[in-house]
Structure formats: structure tokens, C-alpha cells
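The values are calculated or read from the model by the stated rules, or taken from the named source; none is laboratory data. A quick note: this is a predicted structure, and the numbers were derived from the prediction, not measured. For neighbour counting, all protein chains shown are included, and Cβ atoms are generated from backbone atoms with ideal geometry for every residue, glycine included. Side chains included, ligands, DNA and RNA excluded: accessible areas come from the protein's heavy atoms. Shrake-Rupley method; radii C 1.70, N 1.55, O 1.52, S 1.80 Å.
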Amino acid sequence: LKEMVTLQINGEGYELSIAPKKTLLEVLREDIGLTGTKEVCDSGSCGACTVLLDGKPILSCLTLAVACKGKEITTIEGLRKGETLHPLQSSFIQRGAIQCGMCTPGMILSAKALLDEKPHPTEIEVRKAIAGNLCRCTGFVKIIEAILAVSRGE
Amino acid sequence: MGSRMRLPDFQYIEPESLEEVCLFLKEHSHESKIMAGGTELLLSMKQRIFKPKYVVNLCAIQNLDRFEFDEDRGLRLGALVRLRYLETDPIILERYPIISQAAGEVGSVQLRQMGTIGGNLCLDTRCYYYNQSDFWRKCRPICIKMGGKKCNAMGKGKKCFAVFSGDLAPALIALGAKVKLLSTRGKRTLLLSDLYAGDGVKPLAMQPDEILVGVEVPTLPREAFNVYFKYRIRRSIDFPLASVAAMLNIDRKKKVCHEAKVVIGAVSTKPDELKVIEELLKGKKLEGSLIEEASDLAFKVAKPIANAGSSPSYRKRIIKVFVEKALRQGMGESI
């Protein structure tokens, strides 16, 4: 029942034999070992499993891995360049926009998708872009500050 | 949760043409589920609401994600146009603001990026006692929608009251949209309002082997006003608990209403087009007492029951508020 699929993840090709019932989230975490993408609600409500598919934010818990062939997948592991963190990652750390960290990878990828499309968003646009990413430590204020700081080049 | 939220086994089919889909469904429609964006289907499968033998993903079919607009023929949308594009496309924003609004109110950015117009129109009906995990549902008698005899939402209910909760349908019905259905028996075009059967168990008036391939929206008169209002608990993500879509063709100076289409959503098994309001307002001058009368009519028609995350009486009252707000905004008042 398994299918041979090649997935492009963070610029690298992975050739995998996967069952169609495996979600992209399960394949990332369990088959490839990229555990940066988090499993929280597993039902499309929380945004913790957000990854970028061809640059757009999607929920990997509601995406079949077999349906991702030929697409470029970006996870949180793909953001830093060598030893240098992505500006969003640095900004989140600097401004204390992380508490438990479970929402952070999804939050940062949603923010990246926004800034790639719109480098200078308003605060409302930032809020809307991360509306599907729940933080239960309720640190939204610092998260919004961290994203806006990157958009201002700080 | 763990393993209970994993998907059940199925065979994955990815046809490359509509013809291929139709031929496959001719043989296997009763054991297949069609997947567009997958956001609803895969969750329902995790919850064991469905355990199809085949999942037929439409993603490889060319051109189904296209849309085009021209002044004469109006807007034509392929079934796989993503909600996110409807929300942000400049032409739709300018010519059909109600479509952008309704699409933009669905779920979160991620869900709109994944979800499609075809999927949103073909949503299954929802109920607090139905859209739950297998484990949760097992604590109660099997409900009518799951094939049992009892309605868990309405103690003595003999039928299913699950609610149609799509955001796009009320908006598109208000615009007089049509849908194109395809099977090996050929193509047929239906008024979107006729797609909804009003049956909680089987909400869509489609044959099992038919697929929805496209949507046609007529050109609107330039001066037409249209708006969509949605009530839900969490503004950032939820399904509607009550919604109103209105399209008003109004002479702003004389305040005379040539045409008024009002559709209420998320309070019954289908989006309800309120023909009574259309008849009431046609050719009349819109003013306070008439607006009051129209919103009272909507209040009477809306009969939500206790099967969603907000009280039926509140949902009923907000329908009245939305209708009044839509008519007042249509007249040019800023409320």
C-alpha cells in the first residue's frame, strides 16, 4: 500500500516510501526526524503544525504527504542559514516572544509567509496573519512586536 | 488522543483528468470520498466519521484552480480555486466584495490557503454531537446522521438538524450563482440554492457519482450593494453560528429597492434564501418601518436549535440584527 514519493524539504530531496494515510506532519516528525514542526491539536485548529508549501502557510496535520510531491516544503529547520538564525527567529528570542515554544515554529512560519508577501505590514495585518496560530501562554503582544520589529529592519 | 487522531487506511487516487474522475466514480462512488483542499475531509476521517476505501484527490486536474471574469459572462470559478485567492484577488474585491468577505471569514489563513470554493460549497452539515472524535461520540447513542435512530441535539427529534455551515454558499446564493456538476452521464447546471436539499443527513442534492467542477456568478449591476455578516465565538477561526448575506439593487437617491436578496446561513440544514423579504421589499422605498418588518421576517424564519457553540435564542436574534444592518448599510447609512 505504500507509495514511493520524493519530497523537497528545505531544499533537500527525500525519497520515501510512505502510506497514503500519513500526514505531512507525521512524515516530517516520524519518518524524517524534523521535530521542529509541532503536533498539538492535530485537527486544524491551532496552527502549531504550520509549514510553508511553495511559500504559502498550510497545516501539515491536514495535508497528505503523498499529495506534496513536486512542491517545496519549508519547515522551521529550513530558516537559518548555517549558524545564523533567520531575523524572525532572532527577533522572537530578543523580545521574549517565546514561552513554552510549542506555537513558535508555526508562528514564525506564518510570519515569514506574511513578510515575504508584504514586507511592511500594519499591526492589523500581522494579527490577521497569525490569527490561526494559537499561543496558550498568551504571549501575543510580544510576538506581534517581534514580527513588526523585523518588518522595520530592527 | 494519540493514535485515535491518526487517519484510517485508504487507497489514494489522484486522477489527472475530469474524465478519469468520472469513470472512477461510476464504479466506486459508494466507497469513495472526493478531496479538494482536504481540511474537512481529513479531519472527519481522523474522527472516524468517514472511513472511505478510496480518497480521490482532485489536485492533479489541470485548470480546475482557474477563474476568469468578463463583463458579459460574469465570474467563472473552477472548483479548486483557493479561498485565499477569492479573499485577496483585486477583481473579486472590486466587483464582488461579498465573495471576498465571505471567503476571508473562513477559518484561518492556513485553512483558506488550503480550502477551495468547491469544498466549501460541498461541506458536510455540522453538529456539536457529530463533529467529535470517535471516542467522544461513543459515549452517546448513535445519532441519525451517523446511521442511528436518535438525535442527541433534540431529545425527541425524528430527523437530523445538523447545520450547513459554509460561508460561501449564502453569499453566492445572494448573487444568483450557479454550479456545474459532472458525471459520466453528462454535465448539468444547477442554481446554487438548489444544490442544498435541506436534509441534515445528506445535505447536497447531488448524485454520489457527481462532482462539482465550477461556479458561475452573473455580473452585478455597478450600483448593487452586497455584504456578508458572520457571527461566531472566536473571530479568528470558527465556523459561523449564524450568518446573513444580502445583495441589494437600490436607487440610493430615491432609496427605492429594485431587488433584494437576503440569505441566512448556519441556522438550519441549508442556507435559506428569504423570498418573503425579496417580495416585501421589491419596488418599495426602504425606510425604518419596512426594514423592521423585513428583519422580523428573518427572525421568524431562523429556527436554530441547541447544536452549536452558542444559544439558539442568541443566534436567532443576531440574524435579525444582521438583516437590519445589511438593509441600513444598503441605504447608505454607516452602521
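Looking at the range A:89-133, which of the residues that are within 12 Å of chain B (Cβ to nearest Cβ) and over 13 Å from the mean Cα position of the chain (by Cα) is most open to solvent (accessible area, probe 1.4 Å)?
Only one residue tops the list, namely A:Lys128.
Are there strands (runs of 3 or more DSSP E) fully within the range B:127-246 with at least 1 residues that are of a type in the set (Ser, Thr, Tyr)? List them.
Here the list reads B:178-183, B:186-191, B:225-231.
Here are some residues: B:Glu279, B:Glu287. Which one is without any contact (Cβ under 8 Å) to a residue 24 or more places away in the chain and either surrounded by fewer than 14 Cβ atoms within 10 Å (Cβ to Cβ) or among the basic types (Lys, Arg) (or both)?
From the options B:Glu279, B:Glu287, the qualifying one is B:Glu279.
Residue-by-condition table, conditions (1) modelled with pLDDT under 95; (2) touching a Leu at 6+ places or on another chain (Cβ under 9 Å); (3) away from chain A (no Cβ under 11 Å):
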residue: B:Pro15; (1), (2), (3): no, yes, yes
residue: B:Leu23; (1), (2), (3): no, no, yes
residue: B:Met35; (1), (2), (3): no, yes, no
residue: B:Gly38; (1), (2), (3): no, yes, no
residue: B:Leu64; (1), (2), (3): no, yes, yes
residue: B:Phe69; (1), (2), (3): no, yes, yes
residue: B:Leu86; (1), (2), (3): no, yes, yes
residue: B:Ile92; (1), (2), (3): no, yes, yes
residue: B:Gln101; (1), (2), (3): no, no, yes
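For the range A:136-151, what are the residues that are open to solvent by 10 Å² or more (accessible area, probe 1.4 Å) and either in contact with a His (Cβ under 8 Å, 6 or more places away or on another chain) or under 26 Å from A:Cys61 (Cα atoms) (or both)?
A:Arg136, A:Cys137, A:Thr138, A:Gly139, A:Phe140, A:Ile144, A:Ser151 - these are the residues of the range A:136-151 that are open to solvent by 10 Å² or more (accessible area, probe 1.4 Å) and either in contact with a His (Cβ under 8 Å, 6 or more places away or on another chain) or under 26 Å from A:Cys61 (Cα atoms) (or both).
Let me confirm something: among A:Leu28, A:Leu34, which residue is out of contact with any Lys or Arg (no Cβ under 9 Å at 6 or more places or on another chain) and part of a helix (DSSP H, G or I)?
A:Leu28
Could you look through the range B:176-202, keep only residues that are among the aliphatic types (A, V, I, L, M) and open to solvent by less than 10 Å² (accessible area, probe 1.4 Å), and pick out the one that is farthest from B:Ala302 (Cα to Cα)?
B:Leu181
Restricting to the range A:1-48, name every residue that is more than 9 Å from chain B (Cβ to nearest Cβ) and open to solvent by less than 10 Å² (accessible area, probe 1.4 Å).
Of everything in the range A:1-48, those that are more than 9 Å from chain B (Cβ to nearest Cβ) and open to solvent by less than 10 Å² (accessible area, probe 1.4 Å) turn out to be A:Val5, A:Leu7, A:Ile9, A:Ile18, A:Leu24, A:Leu25, A:Val27, A:Leu28, A:Thr37, A:Ala48.
Going by what's in this entry, would B:Phe225 be described as out of contact with any Pro (no Cβ under 6 Å at 6 or more places or on another chain), open to solvent by 60 Å² or more (accessible area, probe 1.4 Å) and among the aromatic types (Phe, Trp, Tyr)?
When the stated conditions are applied, B:Phe225 does not pass them.
Name every residue in the range B:292-335 that is farther than 24 Å from B:Lys254 by Cα, in a helix (DSSP H, G or I) and among the small types (Gly, Ala, Ser), in order of residue number.
If the condition is that a residue be farther than 24 Å from B:Lys254 by Cα, in a helix (DSSP H, G or I) and among the small types (Gly, Ala, Ser), then B:Ala298, B:Ser313 are the ones that fit.
Please give the number of the condition A:Val126 fails out of (1) closer than 21 Å to A:Gly44 by Cα; (2) out of contact with any helix residue (DSSP H, G or I) (no Cβ under 6 Å at 6 or more places or on another chain).
Of everything listed in (1) closer than 21 Å to A:Gly44 by Cα; (2) out of contact with any helix residue (DSSP H, G or I) (no Cβ under 6 Å at 6 or more places or on another chain), A:Val126 misses just condition (2).
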